[in-house]
């Protein structure tokens, strides 16, 4: 039996990860977030091997929940890329200090492995040429990216000093079931939701911004391959491996759902890197071809979920 702990488990990635991990009945999965009411999506599955706990997940956290855990997933973040430059020192304190305390506690409690979901979209910045490999210099233009790269460096340090094993997943832009369609994160999910409701879709800039979108099921499958695999690398890019413009996303939604979209273009945002997509050859070298769902397939699956849950 493996004891698995997910911190920040009630969000989009945590929910999908928890559902997949709980499939293996021989493992014990403990889910922690600030408010147990946010676990309604997990609770309806009635998993016998899942325990839900509420905790502050801030600088006052005592980390006693780490006792007896083998693998710890760190999904805790207090901010999102688009607003992270508004409260830089506050967010660095909340996220970097928490992470340092967490890794310290992992050493203390003998945790075997820490898995950190970093950001393939923000750690590299805007100067580098795409596709971006793991060796690309990291020069973020958002505080969010700075925090992620600092947490990555802390993991390297705790491994160097104490032998704490870790995996870093620099994740692109995941979308799909259980992502809240509220427009804060996740262009594909938000646009699909607004398309289904016949609502106006707001696009920053002219739609030429290019991103790497990965359906959540593909992302979770790859994350688990990385976590359970053994090789010399501990940091992996994870996306679909090619770029798609926002304009092409909108066209794909129109095509997949056979709907006419109501799109409004507004001023671009300074935090948006013009082009960002990832080189996933390191992942594919060790774990085989990713073969992700096409964007249209992913949109159809996402729309099916949204109709069932929200409409």
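Quick note: the coordinates plus some simple rules give every number you see, no bench work behind them. Being a predicted model, the structure only gives us computed values, none of them experimental. Positions of Cβ are backbone-derived with ideal geometry, glycine not excepted, and every protein chain shown enters the neighbour counts.
Considering only DSSP beta bridges where both residues belong to the range 88-246, give the percentage that are antiparallel (nearest 5).
10
With axes computed from alpha carbons, what is the tilt in degrees of helix 187-197 against the longest principal axis of the chain, rounded to the nearest 10 within 0 to 90?
The angle comes out near 50 degrees.
The range 44-74 to the range 269-311: how many Å between their Cα centroids?
Going from one Cα centre to the other spans 28 Å.
At 7 Å along Cα-to-Cβ for each site, give me the label-to-label distance between residue 64 and residue 180 in nm.
A separation of 2.9 nm, rounded to one decimal place.
How far, in nm, would the chain grow between residue 56 and residue 36 when pulled straight, counting 0.36 nm per residue and subtracting the alpha carbon separation?
My answer for the length gained is 6.1 nm.
So, by mean Cβ neighbours within 10 angstrom, what's the order for 105-116, 163-174, 288-299 with the highest one leading? Please report the intermediate quantities before stating the final value.
Numbers: 105-116: 18.6, 163-174: 21.4, 288-299: 16.7.
In decreasing order of mean packing, 105-116, 163-174, 288-299 become 163-174, 105-116, 288-299.
At 222 nm, what helix-only mean residue ellipticity would the chain give, in deg cm²/dmol to the nearest 500, using -39500 (n - 2.57) for each DSSP H run of four or more?
One gets -10500 deg cm²/dmol as the mean residue ellipticity at 222 nm.
How high is the relative contact order of the range 211-307, in percent, counting Cα pairs under 8 Å that sit 6 or more residues apart?
Reported as a whole number, the value is 45 percent.
At a threshold of 8 angstrom on Cα-Cα distance, excluding pairs fewer than six apart, so keeping six or more, what relative contact order does the chain reach in percent? Please report the intermediate quantities before stating the final value.
On the way: 591 pairs, mean separation 54.3, N = 311.
In percent, rounded to a whole number, it is 17.
Please work out how much length the chain gains when fully extended from residue 308 to residue 157, using 0.36 nm per residue of separation minus the C-alpha to C-alpha distance, in nm with one decimal.
49.8 nm
Which entry in [x] 16; [y] 25; [z] 30 is this structure's computed percent of Cα pairs over 35 Å apart?
Correct label, based on the coordinates given: [x].
Nearest 10 degrees, 0 to 90: what angle lies between the long axis of helix 295-309 and the longest principal axis of the chain (Cα atoms)?
Relative to the chain, helix 295-309 is tipped by roughly 80 degrees.
Could you work out how far helix 98-109 tilts from the main Cα principal axis of the chain, as a 0 to 90 degree angle to the nearest 10?
40
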